[in-house]
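For reference, the structure discussed in these notes is given below.
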Amino acid sequence: MLQVHPILCRAGVMNNYAYLIIDEPSKISAIIDPSEAEPIIRKCKELQVKPQYILNTHHHFDHTDANLELKEKYGSQVVANIKDSERIRGFDIGVEAGKTFAIGKSVAEIIDVSAHTQGHILWYFAKDKVVFTGDTLFNLCVGGLFEGTAEDMFAALQKIKSLPDDVLFYPGHEYTLQFAGEALSLAPSEELIAYIKRAQERLSQGLPVAPVSLGIEKKCNPFLRAQNLTELKQIL
Ligand code: ZN
Ligand code: FE
């Protein structure tokens, strides 16, 4: 069993999400994409955990900036794509696409989704039905193409679409409402209207929109709805 605790970082500026994950019953824990140390340390104190690992989805500063501070404070090991060993702060352990990495009994499959950056990975806990998508998949949107092409993004999205509908996804930023209007204008539907209403309610209560199931996201996110590269290119 994997507990997932979203932690809003750079609130009101970049609205990153870091995640504290705790494997039950071993209590082995990890931080995913530590953007900012202070809110993460507060959450770790509250739950009385010392994260053994820091897992990164990609090298951008807004996902790795607190790697070194947390590593020093907790003695955590930084785990990231071996291909990013030179540009991930505090890199310790390399993982490879197609292989796995275990946090206690919770096992993550590493999926390469190079497009937003080369070497961007998903952390997919198949048994727990949870996937951390970094800056590849956001609610109702996808990440920008900093180091990849539309073809790369299409291939990445096919990998995400191949995951089961009941998997819950956790993105690297809270961007839902920024893209809601565009999603509505591209493909209005009852489901999308309900999605946006729920998002507004969650945010007004100070809660993250995540998690949303991939099944719902596949129906509502215009980038996942694109059936081929041409359709994707029209909206990227
Ligand atoms: Zn990024
Ligand atoms: Fe980011």
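Just so you know, all these numbers are worked out from the coordinates, no wet-lab data involved. Computed from a prediction, not measured in an experiment: that's the story for all the values here. Virtual Cβ from ideal backbone geometry, glycine too; neighbours counted across all protein chains shown.
Here is the link list: Lys43/Lys73; Lys50/Lys73; Lys159/Lys219; Lys45/Lys105; Lys105/Lys127; Lys161/Lys218. Which ones come out longer than 18 Å on Cα distance? Beyond 18 Å: Lys45/Lys105.
Charged neighbours of Gly94, selected by a Cβ distance under 10 Å, balance to -1 (K, R count +1; D, E count -1). When the square roots of the Cα gyration tensor eigenvalues are ordered a ≥ b ≥ c, the ratio a/c for the range 157-231 is 1.5 or more and a/b does not exceed b/c, which makes its shape oblate. Using the alpha-carbon atoms, what tilt in degrees (0 to 90, nearest 10) does helix 37-47 show relative to the longest principal axis of the chain? Taking Cα atoms only, the helix is inclined about 70 degrees.
Restricting the calculation to alpha carbons of the range 67-220 gives Rg and Dmax of 16.4, 49 angstrom.
Counting alpha carbon pairs within less than 8 Å and at least 6 residues apart, what relative contact order, in whole percent, applies to the range 39-80?
Details: 36 pairs, mean separation 19.2, N = 42.
Over the range 39-80, the number comes to 46 percent.
Contact order, relative form, for the chain: 14 percent (alpha carbon pairs under 8 Å, 6 or more residues apart, mean separation divided by residue count).
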